[in-house]
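Data block below; observations after.
The values are calculated or read from the model by the stated rules, or taken from the named source; none is laboratory data. Treat the numbers as computed from the prediction; the structure is a model and nothing was measured. Don't worry about glycine lacking a Cβ; one is built from the backbone with ideal geometry, like all the others, and counts go over all protein chains shown.
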Amino acid sequence: MSDAFVELKNLTLSYDNSVAVPALDLAINEGELITLLGPSGCGKTTTMRAIAGLLSPTSGIIHIDGRDVTRVPANKRGIGLVFQSYALFPHLNAFENVAFGLRLQKLPDADIRSRTAEGLETVGLAGFDKRRPSEMSGGQQQRLALARSLVMRPKVLLLDEPLSNLDARLRLEMRTELQRVQKETGVTMVFVTHDQAEALALADRIVLMKAGRIEQLGTPAELYSRPRTAFAADFMGFENIFHTSGDTLVSSFGRLPVGYTAPSALLAWRPDAVTVGTGPHTGTITASSFAGGHREYVLQTPLGPLRADAPIAVAQVPIGQQISFDLPHQNARALAE
Amino acid sequence: MRHLANWSILGLTLLFLIGPFVIIILAGTSAGNNLAFPPEGMSMKWYLKVFTIESFRTSFALSMALAVFGTLAALVMGIPAAYALNRYDLPGAETVRTIVAAPIIVPGIIIGLALLRYMVVPLDVTVTMALFMAHTALVLPYAVRVVSSSMQNLRVDMEEAAVLLGCSRMQAFTKVVLPNIRSGVLAAFILGFVTSFNQVPVSLFLSGPGVRTLPIDMLAYMEITFDPSIAALSALLAFMSLAIVFIAERLLGFSKYV
């Protein structure tokens, strides 16, 4: 038995006879913020629901805090869940929403009062006691849902795409807010998202999932700079991924001899790893857009469209013009098939 | 010309809708002894007389009891049914919906005859019991439909949230689902109450000696006595229904459920 706080062993989850997650193993440390990242249908939400107890596993074991909870019903697991839709109770005001779980525990009234007030305070909603959820903004509802889960002092707090219904500015604000709350309370968090920027910004560790399996697990820095597979690389912004054959890059559009022997079956470049303006190859610019610190080009090349970022210092080249470029091997990320 | 035609159609429609109601109210205020319009003189004596007729009092009590308890019984069955139909992908759900809707579609006279011939007579059910069962069945479709429509906007994850906060499934239902469909349940109750109270054809078959609902009692009364008290009573009942619907509309915006 390892010392992991949450441990999923050989967890298999199915819906209507189709397996959504086959044999998943995952260990989460106490106080860690882990994100389950992946496209829709990758099994991240299913996994989260199994941890919460809302879905019974077909097989496998779930340990939380040293206890086998695989068959423990959801209302006895001591796990919090912040839903994507927040799932607030519309017939109750903010105070009663937060106090809901405490009242079920039949705590003394004074305790309920103080813990609820403290919970509202933690998420910056002090003074909102009497508001109904319908009278609150999206961000406030989000905070309320967070407070409602936090006051229960859950062993694990699960968050299901909690920021996806907020606008961009609020999303950034809530991101920082979540990190602050996590540091303050020390609660173990499992954060489900399909947004890689969100995962990179928040997580202690990222679990990248694909078709119910873990594609790669690591710190944000590891995943960002050293993705192991084409799927992981694509998710982490390596937009130019090509097969190799000796000293030639190969895509479905064509081939491009590069003059060095490729170290692996796949090579990937981020747009900013592509050199534009100089180099042995030429392409035609088909799209160009200003992105503040740099300019984003799409080049038509023998390998098909190539995404390349040029520093703003490089003179702008109009669409339709030829430009020279290079795919330097020292900037490439070697990937497994 | 077109304008005139439009107004005439509108006027005629209103006349047909509201006219009988006005005639009944006024006929009840007659000072004469025959049900007639225009009334012969003015008096409130028939409105007062209604309250002194013993059989009206007992049949009113029966109709009230049937409407209240029949509707409550229909809700006790209808709310769980609506919940199950909404939440679970049940085999045969469509069949259940159709069966539940049947009392709305099948003519009351057929239901009444069927219940009399195949339940009351062979099973020797008491008249009161038969009426209660029939009224419950007649109200059930409204209970299921109206409650269903208010449940449709209720997200499943709210119940899951309640469960994760420590509720059992039953507690999640009573603490989260019920409070949020409360106005739908009240609307169903009122609709059921009015439907049951005004029910004629089924009750006609099932009413027995000494046990009659108010509308049936009124029919029986009219066969013997043709005085304005029947108009007065009808007007009073119409006012009662109006008052209930008006209060419901004020309190819950009743019309959005029906």
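Take segment B:30-87 and flag every residue that is in a loop (DSSP other than H, G, I, E, B), among the aromatic types (Phe, Trp, Tyr) and either touching a residue at least 60 places away in the same chain (Cβ under 8 Å) or closer than 30 Å to B:Gly192 by Cβ (or both). Steps first, please.
Of segment B:30-87, the ones in a loop (DSSP other than H, G, I, E, B) are B:30-44, B:51-53.
Still in the list and also among the aromatic types (Phe, Trp, Tyr): B:37, B:51.
Hit for segment B:30-87 is B:Phe51, nothing else.
Which strands (runs of 3 or more DSSP E) sit wholly inside segment A:255-326 and have at least 1 residues that are free of Cβ contacts under 8 Å to residues at least 40 places away in the same chain? Talk me through it step by step, then tell me what you get.
Values: elements: A:255-257, A:266-269, A:275-290, A:294-301, A:304-311, A:322-326.
Per the criteria, A:255-257, A:275-290, A:294-301, A:304-311.
Considering only residues of segment A:98-135 that are within 14 Å of another protein chain (Cβ to nearest Cβ) and under 28 Å from the mean Cα position of the chain (by Cα), which is surrounded by the most Cβ atoms within 10 Å (Cβ to Cβ)? Don't jump to the end; show me each part of the working.
From segment A:98-135, those within 14 Å of another protein chain (Cβ to nearest Cβ) are A:98-107, A:112, A:115-116, A:119, A:132-134; that's our starting set.
In the following step, the residues that additionally are under 28 Å from the mean Cα position of the chain (by Cα) were identified as A:98, A:119, A:133.
Values: A:Val98: 32, A:Gly119: 25, A:Pro133: 19.
Among those that are within 14 Å of another protein chain (Cβ to nearest Cβ) and under 28 Å from the mean Cα position of the chain (by Cα), it is A:Val98.
Determine whether segment A:73-81 contains at least one residue that is more than 22 Å from A:Arg131 (Cα to Cα), in contact with a Pro (Cβ under 8 Å, 6 or more places away or on another chain), surrounded by fewer than 21 Cβ atoms within 10 Å (Cβ to Cβ) and in the same structural domain as A:Ser134 (by TED's automatic domain parsing).
yes
Can you tell me which residue in segment A:148-164 is nearest to the chain's Cα centre (by Cα), limited to those that are hydrophobic (A, V, I, L, M, F, W, C) and either within 12 Å of chain B (Cβ to nearest Cβ) or on the phi > 0 side of the Ramachandran plot (or both)?
Step by step, filter segment A:148-164, then rank; the result is A:Leu158.
Give me a count of the residues in segment A:88-97 that are within 8 Å of chain B (Cβ to nearest Cβ) and within 11 Å of A:Phe128 (Cα to Cα).
0
Residues B:Leu131, B:Leu90, B:Leu123: which one is away from chain A (no Cβ under 14 Å), farther than 24 Å from B:Val202 by Cα and either without any contact (Cβ under 8 Å) to a residue 60 or more places away in the chain or touching a strand residue (DSSP E or B) at 6+ places or on another chain (Cβ under 8 Å) (or both)?
Details: B:Leu131 fails: farther than 24 Å from B:Val202 by Cα; B:Leu123 fails: farther than 24 Å from B:Val202 by Cα.
Going through B:Leu131, B:Leu90, B:Leu123 in turn, just one is away from chain A (no Cβ under 14 Å), farther than 24 Å from B:Val202 by Cα and either without any contact (Cβ under 8 Å) to a residue 60 or more places away in the chain or touching a strand residue (DSSP E or B) at 6+ places or on another chain (Cβ under 8 Å) (or both): B:Leu90.
Please work out if B:Ala137 is assigned to a helix (DSSP H, G or I), modelled with pLDDT of 85 or more, touching a helix residue (DSSP H, G or I) at 6+ places or on another chain (Cβ under 8 Å) and within 10 Å of chain A (Cβ to nearest Cβ). Steps first, please.
Numbers: assigned to a helix (DSSP H, G or I): yes; modelled with pLDDT of 85 or more: yes; touching a helix residue (DSSP H, G or I) at 6+ places or on another chain (Cβ under 8 Å): yes; within 10 Å of chain A (Cβ to nearest Cβ): no.
Spelling it out, it is not the case that B:Ala137 is assigned to a helix (DSSP H, G or I), modelled with pLDDT of 85 or more, touching a helix residue (DSSP H, G or I) at 6+ places or on another chain (Cβ under 8 Å) and within 10 Å of chain A (Cβ to nearest Cβ).
Checking B:Ala143 against (1) crowded, with 20+ Cβ neighbours inside 10 Å; (2) away from chain A (no Cβ under 14 Å); (3) among the small types (Gly, Ala, Ser); (4) without any contact (Cβ under 8 Å) to a residue 24 or more places away in the chain, only one condition comes out false. Which one?
(4)
Testing B:Ser55 on (1) at pLDDT 85 or above; (2) touching a Ser or Thr at 6+ places or on another chain (Cβ under 8 Å); (3) not charged (D, E, K, R), one condition comes back false. Which one is that?
Unmet condition: (2).
Considering each of B:Ile216, B:Ile181 in turn, give the residue that is farther than 20 Å from B:Ile53 by Cα and either more than 14 Å from every other protein chain (Cβ to nearest Cβ) or in contact with a helix residue (DSSP H, G or I) (Cβ under 8 Å, 6 or more places away or on another chain) (or both). First the steps, then the outcome.
Numbers: B:Ile216 fails: farther than 20 Å from B:Ile53 by Cα.
Selected residue: B:Ile181, the only one of B:Ile216, B:Ile181 that is farther than 20 Å from B:Ile53 by Cα and either more than 14 Å from every other protein chain (Cβ to nearest Cβ) or in contact with a helix residue (DSSP H, G or I) (Cβ under 8 Å, 6 or more places away or on another chain) (or both).
So which pairs qualify, if the first residue must be in segment A:108-126 and farther than 24 Å from A:Met174 by Cα, the second must be surrounded by 12 or more Cβ atoms within 10 Å (Cβ to Cβ) and of a type in the set (Lys, Arg), the Cβ gap must be under 8 Å, and the two must be at least 6 apart or on different chains?
A:Ile112/A:Arg103
Of (1) within 14 Å of chain B (Cβ to nearest Cβ); (2) under 28 Å from the mean Cα position of the chain (by Cα); (3) of a type in the set (Lys, Arg), A:Lys44 satisfies all except one. Which?
Of (1) within 14 Å of chain B (Cβ to nearest Cβ); (2) under 28 Å from the mean Cα position of the chain (by Cα); (3) of a type in the set (Lys, Arg), only one is false for A:Lys44: (1).
Give A:Leu256, A:Leu266 a once-over and let me know the one that is among the aliphatic types (A, V, I, L, M) and more than 15 Å from A:Ala233 (Cβ to Cβ).
Values: A:Leu266 fails: more than 15 Å from A:Ala233 (Cβ to Cβ).
It is A:Leu256.
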